[in-house]
Amino acid sequence: TVCDSIADLFREKYGVKCHVIRNIPPRKTLPPKGDRAALGLPSDKHLLVLQGSGINIQRGAEELVQAMAQLDDCFLMIIGGGDVLPILKQMVEELKITDRVRFFPRMPYQQMMAYTQLAELGFCLDKDTNLNYRFSLPNKLFDFIQAGVPIVASHLTEIEKIIRQYDLGMFIENHEPATIASTIREALADDVRKVQWKQNLSVAARDLCWENEEKVLEEIYLRGRE
């Protein structure tokens, strides 16, 4: 299975032997960073990014958009798809923050990463409302790492383990929009930590890639033939 928490649950609940192979992407050659002007992005705001194919209800996107009403010097890129997008678009209109939030459809990986690399912060804000979210280890976490983007996250077991292991960003203590906004301000204002995060992200990007993870799978296959 895909993470230690789920493996432990399977062992405890079903008594089965479980190996962990994390769903980590290969270390791909990144495209050049996109050009803000060419992509129609503001040059005078901090760029933030939320991305994925599962931008769904109860994953923190609603509160993040509400937080943007308090961050007039920031611009949020929401890239991908999911069931909460119609709600988010309505919220952006009602909050009158169309100048701070822009939606981008699903796009090829290389094209997406050209946008992602421009961001100063990426978000993993899933809520602990069910086992799926509680033990999630989303692709976007590893995308942010490969792109060198510090992360703001909620306290979920597997995500927190990696962020703390390498020191890659900050955590929100609750999902109140004011809390998210203040955490973003704190992260953007700490120049010393931003430099350290960038260095740590480079180390994590070398470690957390399929080229390393596949060795675990190969070892399982080898033991299976013994």
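Some observations on this one:
- Extreme residue, nearest to Leu47 (Cα to Cα), among residues of the range 137-160 that are open to solvent by 10 Å² or more (accessible area, probe 1.4 Å) and free of Cβ contacts under 8 Å to residues at least 60 places away in the same chain: Gly148
- Inter-residue pairs, beta-carbon under 9 Å, first touching a residue at least 60 places away in the same chain (Cβ under 8 Å) and within 19 Å of Glu158 (Cα to Cα) and in the range 199-217, second surrounded by 13 or more Cβ atoms within 10 Å (Cβ to Cβ) and aromatic (Phe, Trp, Tyr), 6+ apart: Ala205/Phe142; Leu208/Phe142; Leu208/Tyr166; Cys209/Phe142
- Filtered residue count, the range 192-215, keeping only those that are open to solvent by less than 70 Å² (accessible area, probe 1.4 Å) and either within 13 Å of Ile151 (Cβ to Cβ) or not in a helix (DSSP H, G or I) (or both): 8
- The test for being surrounded by 14 or more Cβ atoms within 10 Å (Cβ to Cβ), without any contact (Cβ under 8 Å) to a residue 12 or more places away in the chain and closer than 19 Å to Glu63 by Cβ holds for Ser182.
- Which listed residue, of Ala69, Ala61, Ala7, Ala38, is closer than 28 Å to Lys194 by Cβ and free of Cβ contacts under 8 Å to residues at least 24 places away in the same chain: Ala38
- Looking only at the range 100-128, residues that are under 19 Å from Ile180 (Cα atoms) and not basic (Lys, Arg) come to 10 in all.
The values are calculated or read from the model by the stated rules, or taken from the named source; none is laboratory data. None of these values were measured; they are calculated from a predicted model. All Cβ positions, even for glycine, are placed from backbone atoms using ideal geometry, and neighbour counts span all protein chains on display. These area figures cover heavy atoms from the full protein model, side chains too; ligands, DNA and RNA do not enter into them. Shrake-Rupley method; radii C 1.70, N 1.55, O 1.52, S 1.80 Å.
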